[in-house]
Amino acid sequence: MNFQGLFGLIKIELKKLIREPAILIMNLLFPAILTLVFGLTFGAIGGGDTGGVNTFDIMAPGLFAYACIFIIMTVAMSFADEREEGLLRRINVTPISSSEFLGSHIITNMIISIIQVVLVFLFSVLMGFRPLGGVWGVVMAFILMIILSLCSVGLGLLTASIAKSGAVAVGTSMIFILPQMFFGTFLPLSPTTEIIALFLPSYYVTHSITLIFHGAEILSAEILLSLTVVSIMAGVIIFIGVLMFKKYGSEK
């Protein structure tokens with residue numbers, strides 16, 4: 001792999017983000033705005049009989065995970081649009097390899113996702129969220145969210161493999177976004193939905209971040225198990241996503 005070409009493609013993708021305000025707002029500001037809305041709405045609810053923990057404190061870890069999940073839509077839309085515009089066919093006749101092209105998109109979207117999480121974290125603190133766990137707790141939480149972002153990029157590739165256009169990709173991405181929102185982040189789980197959640201990476205990340213930010217030991221067996229499971233999921237999803245996109249997505 002030509003790393004110089006890879007870094008050049010990453011630079012182009014980041015510049016594209018800056019030059020298109022609509023994409024910038026959707027990618028970076030929407031999760032932050034959602035955090036502000038949730039903070040203003042739920043920040044004053046609870047805290048009396050719950051030891052000072054209000055509803056927003058309980059929901060905040062889900063918001064961090066949602067910032068990572070949201071990237072599924074933008075990845076799928078980006079790849080589908082580029083395929084529809086013929087960019088992928090033009091790349092095939094250039095010295096750029098498919099590995100460099102896909103690698104640049106994966107890294108670029110990982111960077112965007114990390115920025116999203118940082119913004120959500122800052123706005124959560126602004127809204128009164130005070131995580132426990134210290135500096136190392138925050139570091140472990142960010143490691144978990146980075147791995148979840150990698151899962152989301154892989155799911156975005158899977159979506160782009162079957163979607164014929166950017167508009168279709170947005171709707172199709174909900175197949176992967178909504179279950180993780182409902183069963184892996186915000187809503188309490190019943191015995192039935194908890195079985196579903198066990199197959200969703202967002203569940204393990206949200207659960208572990210909740211434990212960390214409420215003072216649990218960051219190297220506890222439960223958190224390390226979640227880290228291992230999510231890492232395996234990320235590897236499998238990225239592998240399948242790249243394989244599917246190379247086989248089906250770039251030929252449509």
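Worth a mention:
- Boolean, Ser220 is under 30 Å from Ala160 (Cβ atoms) and either surrounded by 13 or more Cβ atoms within 10 Å (Cβ to Cβ) or not charged (D, E, K, R) (or both): no
- Candidate set: region 206-229, residues that are β-branched (Val, Ile, Thr) and part of a helix (DSSP H, G or I); chosen: the one nearest to the chain's Cα centre (by Cα): Thr206
- Every residue from region 208-221 that is touching a residue at least 60 places away in the same chain (Cβ under 8 Å) and of a type outside the set (A, V, I, L, M, F, W, C): Ser208, Thr210, His214, Gly215
- Under the condition of being assigned to a helix (DSSP H, G or I), of a type outside the set (Gly, Ala, Ser) and modelled with pLDDT under 90, the residues counted in region 188-205 number 6.
Yes/no matrix, rows are residues, columns are (1) under 23 Å from Glu85 (Cβ atoms); (2) crowded, with 23+ Cβ neighbours inside 10 Å; (3) modelled with pLDDT under 85:
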residue: Lys164; (1), (2), (3): yes, no, yes
residue: Pro179; (1), (2), (3): no, no, no
residue: Gly184; (1), (2), (3): no, yes, yes
residue: Ser208; (1), (2), (3): no, yes, no
residue: Leu227; (1), (2), (3): no, no, no
residue: Ile237; (1), (2), (3): no, no, no
residue: Lys252; (1), (2), (3): yes, no, yes
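- Tally, over region 169-194, of residues that are under 27 Å from Asp57 (Cβ atoms) and free of Cβ contacts under 8 Å to residues at least 60 places away in the same chain: 12
- Which numbered condition Phe64 misses (of (1) at pLDDT 80 or above; (2) crowded, with 22+ Cβ neighbours inside 10 Å; (3) in contact with a Leu (Cβ under 8 Å, 6 or more places away or on another chain)): (3)
The values are calculated or read from the model by the stated rules, or taken from the named source; none is laboratory data. Just so we're clear, the structure is a prediction, and the values are computed from it rather than from any experiment. When we count neighbours, we look across all protein chains shown, and the Cβ atoms used for this are built from the backbone with ideal geometry, even at glycine.
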